[in-house]
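The block underneath contains the structure these notes are about, expressed in structure tokens.
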Amino acid sequence: MTLLLPLTFLLPLAGTLILAFSHTRLGERGSAWVGVISVGLAALATALLVHQFLGMPEARGVTLWTWIAVSDFQPTFGLMLDGLSLTMLGIITGVGLLIHWFAAWYMHGEEGITRFYAYMNLFVASMVLLVLGNNLLLLFLGWEGVGLCSYLLIGHYYHTAANGWAAFKAFIVTRIGDAFLAVGLFLLFRELGTLNIAEILQRAPELWAAGDPMVELTALLLLGGALGKSAQLPLHTWLADAMAGPTPVSALIHAATMVTAGVYLIARLHGVFLLAPDVLLLTGVIGALTLLAAGFAALAQTDIKRVLAYSTMSQIGYMFLALGVGGFEAAIFHLMTHSFFKALLFLSAGAVIVSCHHEQDIRRLGGLWRRLPLAYTGFVVGGAALAALPLVTAGFYSKDEILWQALASGHGELLLAGLLGALLTSLYTLRLIIGIFHGNPGSDNARRAEAGRGLAHGLPLIVLVLLSTFLGAWFEPPLVEVFPAPHEGGEGWHLALEIMASGVALAGIALGAWLFLRRGAWLADVASHGWGARLWRLWHHAWGFDAGYDRLLVRPYRGLVEWLRNDVVDAVVGLVARLAWWLHVGLARTQTGKLRLYAASMVVGATLMLLVMALAT
Amino acid sequence: MTLTMTHLMALLPLIVVCATAITVMLGIAWRRHHGGTAAVTVIGIVLTLAMLLPIWTMAPVEVPLLVVDGLALFAGAMILISSLTCAALAYVYLDNYPGPREEFYLLLLCAAAGGMVLAASRHLATLFVGLELLSMPLYGMLAYAFSERRSLEAGIKYFILSAAATAFLLFGMALLYAQVGRLDLPAVAAVLGERPTAWGLAGIGLLLVGLGFKLSIVPFHLWTPDVYEGAPGPAATFLASASKVAVFVVLLRLVLSTPAFQDDWLRGVLAVLALAGMLVGNLLALVQSNLKRLLGYSSIAHFGYLLVALVVGDGLATETSGVYLLTYLVTTLGAFGVVTLLSSSYSGEDTAALHHYRGLFWRRPYLTAVLTVSLLSLAGIPFTAGFIGKFYIIALGVEAERWWLVGGIIVGSAIGLYYYLRVMVTLYLVEPGMRRRDAPRDWGGRAGGVVVLGLALLVVMLGVYPAPMIEWVRLVEHITVR
């Protein structure tokens, strides 16, 4: 236990160091081996931890050491393992291992593979630290670490300027959220005098009454951090552009793990959020809005990965909705199943992209189902789970739980948003699958598609296919001890809701099949004229947030900067630098190199000293 | 008072270092051999270091004129580690040196012995002897590459100014003797009492001038950049590390054992000196384009920070000084180690101009990493050793409510960050096409390279996991004679 727990992040960290210091000596195969094995060993350690935890299911921790001790401020390198962190740990190392393995096939023959694996391993280490840290300072360290790795990996193909800008965008937008989070942490420390998570959860209800303005403010700031990291409205604009990175990166960081960190943060600090009911409701509303906005946007994308990116936002919106209605268990459960089926979808997309010679435009693909049977299976199973087809898929069980929590807590409007979102999910999923695999190939790249071969390509996909079916829902996260009991309600209502949700999903599939298979030409016609075209453009650009921010924030800011270039404040700030410069020039005159001046200065110093001493008596 | 077996045991490290020096001298007389001499030196120093452990358990031991207590052992260990690093670096550096190479180790050992005496002195006579035994060999080391104009200049400058400073020191001692009639520190402290007379204060003031010169405290700092720049790499390393540590420790002992230092005026003087050091040192380094000079200015600033501990003079002062000295030592050794390795093997002037370092990362990534870590630590960035030291100093200043000093530390650190970053940026710029002098290809496998890598690792380790260091320093405080 004391050894196993730190190993889960030390092993990937060791992988990073080996890769970083190998200096390209390892070659492609060697780098892939180191990268995969280090995460594999971490996954093994996690498996042993799971075994131990299930034998004795109670929260436990390891304090490695106290970093520095100054009265109340005693940040420790302490790790904590409870049901929540164990679930996250399992997702990170388990799904992470599959994605690392798949990447060995995906990245084959590309340059910079050592760099790729070094950053991927560093990401896993940071993410594990984020979920295991028993205090918010360590969590923040991991939080920043995953942000850094995300930046580095989005810009993996840095020779293209656009990728660099996408990395910038992701970094800067999430940084806005991070600033909120940091201020939130300062507030927590000021008010509660601790950053230890267990102590915060214990002291918060003692200090604050529910609805206290201070706790509302703190929760709001924390929510700001979560929104940035999890790409929720209004800080969501970076995620679609983040698809510039290699597809395994999108699968691991921008679908399965890092973007869910916000959900983890809120779930982890649920005690604080429960004291701030307004902010909690806001969380749910933002989740509902995001899931709808992103769902519409996903309908009008032409790039496979962008469809999946908006779908990720939408699914995380579901998780936020669940958090907002107090269904923490449901949120984490959906987080887990989502990580399975979204990783599957991204990896299948990666398989399609590589097989079709890096073609990712849906309109230029098509008719691939016979050529790429495994990728097709992946898309169908993953898509079914995403659309939450009843009974056979993992997504059904978790999404149903979220909707049920919304109903049982009496949030009818959120429930409606969730149901509408389910319809949209079915539609865009079907559009994606039909676009890629059915109809006629739209380009030579699609006609010359070659199916991937080998264990590294096949096995991760097969495992994820299995996990995306109802088998994945059999993993029940051991969260009973962690969260307050979920909302209860009549069994009859629950059954009715299940039937209704299934009906919506199936209706969406049916509608989609009719629209995309039978009325494709009509649909294209509508989307290219008048109102239809406008709507298409609006959704294609995801409601125009980018352009809006550009006009509302970026340009005014730049104008302001231009305007303030020579203002008083700047002059004062510049004065400090100039003062330092003048003082430097003045002092540098004393450094003449002449011995007699040096000796004279010493005599003057000694005389002054004696003078002061004489004055003293 | 007769010498007992315990006394002999306590003095054994000193004796072994001296014996090693004599062995080296005889060895040179018999047959010159660079590798052999270096090996004897290293073995002697390692043996001494190992010997410190058993003596640790019996400390404190009071020997006539000397006291072997926590502070003395702590300083001894730091001096020996610096000497070991210098020996390892010198072995690479002097590889190609045309003149005699073996004498450098002789000088190094003598200076180390001097430093150890100084740190253990509790009598003004041993203080003087130790200080001179430390300084005399240093003159030789600084001017070791005497065919180089700058090296010779460094040696002569340091020699003349140091002699002048010693004159002040001796005069201060004479004044104290005139006042007290004795030279051992406990007696001096007792007679001076809390409110010393004018002569006593003048004596202490002149003592401060003499020691302040060695620590390059403003306004006795002017020699520092010139000497750092001209001195051969290993000699500069020793001057910046062991010599300063030994002198600071003896100053700390003076402050701790003499209640007269708690006098408000003296504290005020120390505070002014500290503030001047932080600001002047950092400002002078602002656009410096020679790395060795820059490190010299930076050391002025760092001893300005350290003086804060002496201004406060009680409570956490010893712990703070210990932690700061240790982190500063490790960092400085790392930084100077890189400079020395880049100047190896000897071929005239050292590689210290900043443009030599442009794009170093693309040629020598590991060496650049070591230098980067060292510079980050000097700037006091978290997760490096320097942060812990600076944190202690600031915490001490805040606790004593010395707001001016805290302000000075903050302003100084801000200025410092600018010039440390300037150097770091240079390291990673695109490499110019010209060929330059460089570290030997196999530097990592050589003794000096291994030591430097180890130091960088230590800098990071102390920053991430400082607990053992802090424990150790607390233990040192515990067995220190007041």
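The values are calculated or read from the model by the stated rules, or taken from the named source; none is laboratory data. What you are looking at is a predicted structure, and each value in this text was computed from that prediction instead of being measured. All Cβ positions, even for glycine, are placed from backbone atoms using ideal geometry, and neighbour counts span all protein chains on display. Note: areas computed on protein heavy atoms with side chains; ligands, DNA, RNA excluded. Shrake-Rupley method; radii C 1.70, N 1.55, O 1.52, S 1.80 Å.
If you go through region A:281-305 and keep only what is of a type in the set (S, T, N, Q) and open to solvent by 10 Å² or more (accessible area, probe 1.4 Å), you end up with just A:T302. The condition of being touching a strand residue (DSSP E or B) at 6+ places or on another chain (Cβ under 9 Å), crowded, with 24+ Cβ neighbours inside 10 Å and either among the small types (G, A, S) or under 20 Å from A:T312 (Cβ atoms) (or both) holds for only one of A:L403, A:L386, that being A:L386.
So in region A:582-596, with the set limited to residues that are assigned to a helix (DSSP H, G or I) and within 7 Å of chain B (Cβ to nearest Cβ), which one is surrounded by the fewest Cβ atoms within 10 Å (Cβ to Cβ)? This residue is A:A588.
Any residue that is modelled with pLDDT of 85 or more and charged (D, E, K, R) - is there at least one of those in region B:309-316? No, because not a single residue in region B:309-316 is modelled with pLDDT of 85 or more and charged (D, E, K, R).
What are the residues in region A:568-581 that are open to solvent by less than 40 Å² (accessible area, probe 1.4 Å) and more than 7 Å from chain B (Cβ to nearest Cβ), if any?
If we filter region A:568-581 for residues that are open to solvent by less than 40 Å² (accessible area, probe 1.4 Å), which is where we start, we get A:574, A:580.
Within region A:568-581, just A:G574 meets the criteria.
Within region A:468-484, the only residue that satisfies the criterion of being assigned to a loop (DSSP other than H, G, I, E, B), modelled with pLDDT of 80 or more and exposed (fewer than 12 other Cβ atoms within 10 Å of the Cβ) is A:P484. Here B:A187 fulfils each of the conditions (1) over 23 Å from B:A75 (Cα atoms); (2) more than 14 Å from chain A (Cβ to nearest Cβ); (3) open to solvent by 30 Å² or more (accessible area, probe 1.4 Å) apart from (3). Across region A:24-54, the qualifying residues are those that are of a type in the set (S, T, Y) and part of a helix (DSSP H, G or I), and the one among them that is nearest to A:A125 (Cα to Cα) is A:S38.
Residue count for region A:604-617, restricted to those that are surrounded by 14 or more Cβ atoms within 10 Å (Cβ to Cβ) and more than 7 Å from chain B (Cβ to nearest Cβ): 1. Taken across region A:219-226, residues that are surrounded by fewer than 24 Cβ atoms within 10 Å (Cβ to Cβ) and over 13 Å from A:G324 (Cα atoms) do occur, with at least one present.
A single member of B:A285, B:A352 is in contact with a Leu (Cβ under 6 Å, 6 or more places away or on another chain) and either under 30 Å from B:G99 (Cβ atoms) or open to solvent by 10 Å² or more (accessible area, probe 1.4 Å) (or both), and it is B:A352. Kindly establish whether B:A19 is open to solvent by 80 Å² or more (accessible area, probe 1.4 Å), free of Cβ contacts under 8 Å to residues at least 60 places away in the same chain and out of contact with any helix residue (DSSP H, G or I) (no Cβ under 7 Å at 6 or more places or on another chain). No; evaluated as a whole, the condition is false for this residue. Close contacts from region B:135-160, counting a first residue that is within 12 Å of chain A (Cβ to nearest Cβ) and a second that is of a type in the set (V, I, T), with Cβ to Cβ under 7 Å and a gap of 6+ residues or different chains, come to B:A154/B:V227; B:K157/B:V227; B:Y158/B:V227.
Contact annotation: residue pairs with Cβ atoms under 9 Å, 6 or more positions apart or on different chains, pairing a residue in region A:359-380 that is within 12 Å of A:H438 (Cβ to Cβ) with a partner that is crowded, with 19+ Cβ neighbours inside 10 Å and of a type in the set (D, E, K, R), are A:I362/A:R431; A:L365/A:E359. Considered as a group, the residues in region B:215-243 that are part of a helix (DSSP H, G or I) and within 13 Å of another protein chain (Cβ to nearest Cβ) include one that is most open to solvent (accessible area, probe 1.4 Å), and that residue is B:E229. Condition check for A:Y158 on (1) free of Cβ contacts under 8 Å to residues at least 60 places away in the same chain; (2) in a helix (DSSP H, G or I); (3) open to solvent by 60 Å² or more (accessible area, probe 1.4 Å): one failure, at (2).
Just wondering, is there one or more residues in region A:79-95 that are in contact with a Gly (Cβ under 9 Å, 6 or more places away or on another chain), assigned to a strand (DSSP E or B) and farther than 22 Å from A:E476 by Cα? Within region A:79-95 (the criterion being in contact with a Gly (Cβ under 9 Å, 6 or more places away or on another chain), assigned to a strand (DSSP E or B) and farther than 22 Å from A:E476 by Cα), the answer is yes, since at least one residue qualifies.
Going residue by residue through region A:306-318, is there one that turns out to be surrounded by fewer than 24 Cβ atoms within 10 Å (Cβ to Cβ) and in a helix (DSSP H, G or I)? Explain how you work it out, then say what you get.
From region A:306-318, those surrounded by fewer than 24 Cβ atoms within 10 Å (Cβ to Cβ) are A:306; that's our starting set.
From the residues that got through so far, the ones that are in a helix (DSSP H, G or I) too are A:306.
Yes.
The residues of region B:260-280 that are facing chain A (nearest Cβ under 9 Å) and either charged (D, E, K, R) or open to solvent by less than 10 Å² (accessible area, probe 1.4 Å) (or both), listed by number, are B:D263, B:D264, B:L266. Taken as a whole, the condition of being more than 20 Å from B:L211 (Cα to Cα) and within 11 Å of chain A (Cβ to nearest Cβ) applies to B:L283.
Only one of the numbered conditions (1) more than 19 Å from A:A449 (Cα to Cα); (2) open to solvent by 30 Å² or more (accessible area, probe 1.4 Å); (3) not in a helix (DSSP H, G or I) is violated by A:G326, and that is (2).
Where helices (runs of 4 or more DSSP H) sit wholly within region B:57-163, those with at least 3 residues that are farther than 22 Å from B:V42 by Cα and either out of contact with any helix residue (DSSP H, G or I) (no Cβ under 8 Å at 6 or more places or on another chain) or open to solvent by less than 40 Å² (accessible area, probe 1.4 Å) (or both) occupy B:124-142.
So is A:V263 in contact with a Ser or Thr (Cβ under 7 Å, 6 or more places away or on another chain) and part of a helix (DSSP H, G or I) or not?
Considered against the rule, which asks whether it is in contact with a Ser or Thr (Cβ under 7 Å, 6 or more places away or on another chain) and part of a helix (DSSP H, G or I), A:V263 comes out as yes.
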